[in-house]
Amino acid sequence: MLDRMPAGIVRFFERWMPDALVVAITLTLLTVALVLALTDTAPRAAIDAWGDGFWSLLTFTNQMALSLLLGYALASTAPVRGGLLKAANLVRSPRSAYVMVCLLTGVIAVFSWATALVAAGVVSRAVGEGCRRRGIRVHYPLLIGSAFSGFVVWHQGVSGAIPLTLATPGHFLESQIGLIPTSATLFTVWNGLTVAAILLTLPWVMALLHPKRPENVQEIPDHLCAGPKPTRSASAQIALADAAPVTPASPALRLEQSRLLVLATVAGGALFLLTHYGTRGGGLTLNIMNFTLLMAGLLCAGTLQRYLKAVAGGGDIVVPFLLQYPFYAGIAGLIASSGLGNLLVAQASAMASADSLPLMAFLSAGLLNVFIPSGGAQWAVQGPIMMSAAQQLGADLPATAMAVALGDQWTNLIQPLILLPVLTLAQVPARAVMGYTFIALLWTGVIFVTSVMCR
């Protein structure tokens, strides 16, 4: 049964799920239709509200794009890639391969969601190739699905878009709800126990999906293997390539290849972080997280030249997010200006109580995330509605916000756009993977619902 279920789920999404930008524009038109039908807003006023809101979240858009780009760059540096490839050599059996990649991605996701996406693709491909060389028959599509499934805890980690946004001074809801520190969202016992439950159980669930019949095992394809067995380890090859001497042709190139410039910059960055957390008593925000990713990436790259190469590789991944955010900002502006937001808040308040609102927030966020594949963009649309409903009902604001975060990360398991970086690096089609991530969706859904209800 488990062998048949993945294929059916994948065929459904391939047939019915369009490109993410198409979804963003379709939702815009749907929102306009709802505004005209349910409120007394004139067509011209609706268009004006949409246009006024279109560029209202540029700061937030830049912050989220940088999170993805800087995380990608960090994962692309030689020390990080080498460490991931060394971890691949620890595999001793097919099931240990699935457990290892799922757990590794999950741990990385707790610290950086963007780095975890890249790491999932890099480590699963390395494990697949290493296992084939050693005669360990690993099902490659399941390996990719296991690696990506560990990503499901990202919004509960220190790079979570929603909790960090709420803790960042000047965020777009500050006038309504003020600042909510990460001590009330990320660094709670409830959140920690939920993450632990996922990381301790999900890897073993994925391991149980290993095909029972040997003929159903699809190993990594020949064209993804590096050919003859190398004389050096993969990590050593990476380090050697990055360290290959290049004779500078000019003072400009010498500066680009200077380690001193990087070390001086990182030293200054480290001093700033020490004073931020120490003498200034600052907390974790989106800006601080991005700053940390930048400093870590520079340190691991060693030179500005290598870091710029690492950053350049993430352009194709970042562009779709940059194109989508303005449309969701326009939707948010339209909902707020037309009065549709007040209607939705009233409906949510009528259907929920102070205790049940977080569960409603979780389920609605999970559904909405299928159409808005970005935690930040989704919060721009759903955040004002849920926070207003929570205030009217007297519900716990941090718990409601985290419930939205859990819903967003939950259905990322079946979100093609989020899966795209992993698929690109691992060189597999979505149809081969999404059935397995759907099973992960079912298991984690049980944990998340239990967590929200028993918080």
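Overview of results
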read-out: Separation of the Thr450 and Asn342 label points, Cα + 7 Å toward Cβ, nm; value: 4.3
read-out: R0 of 30 Å, Cβ-Cβ distance Ala264-Leu90: FRET efficiency to nearest 0.05; value: 0.25
read-out: Inter-site label distance for Ala33 and Lys212 at 7 Å from Cα along Cβ, in nm; value: 4.6
read-out: Prolate/oblate/rounded label for the stretch 381-423 (Cα gyration tensor, a/c 1.5); value: prolate
read-out: Inverse mean reciprocal Cα-Cα distance (Kirkwood Rh) of the stretch 263-393, Å; value: 18.0
read-out: For Gly302, residues with placed amide H under 5 Å, excluding near neighbours; value: none
read-out: Dipole in debye (nearest 20) - the chain, about Cα centre, beta carbon charges: Lys, Arg +1; Asp, Glu -1; value: 1760
read-out: Backbone HN-Hα couplings from phi across the stretch 395-404 [Karplus 6.51/-1.76/1.60, Hz, Gly and Pro as x]; value: 7, 5, 5, x, 5, 5, 4, 5, 5, 4
read-out: Charge dipole (debye, nearest 20) of the stretch 90-191; +1 at Cβ of Lys and Arg, -1 at Cβ of Asp and Glu; value: 780
read-out: CD proxy at 222 nm, helix term only [per DSSP H run n ≥ 4: -39500 (n - 2.57); per residue of the chain; nearest 500]; value: -23000 deg cm²/dmol
read-out: HN-Hα J in Hz across the stretch 26-37 - Karplus 6.51, -1.76, 1.60, θ = phi - 60°, x for Gly and Pro; value: 4, 5, 4, 5, 5, 5, 4, 4, 5, 4, 5, 7
read-out: FRET efficiency, Asp40 to Leu224 (Cβ-Cβ, R0 56 Å, nearest 0.05); value: 0.45
read-out: Length released on extending from Gln392 to Tyr277, taking residue separation times 0.36 nm less the Cα-Cα span; value: 37.9 nm
read-out: Projected area averaged over orientations for the stretch 5-453, convex hull of C-alpha atoms, nm²; value: 23.5
read-out: Pairwise FRET efficiency - Ile25 versus Ser250, Cβ, R0 = 41 Å, nearest 0.05; value: 0.30
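No value in this document is a laboratory result; all are computed from the given coordinates. It should be emphasised that the depicted structure is a prediction, and the values quoted were computed from it without experimental measurement. Counting neighbours? That spans all protein chains shown, and the Cβs are built from the backbone with ideal geometry, glycine included.
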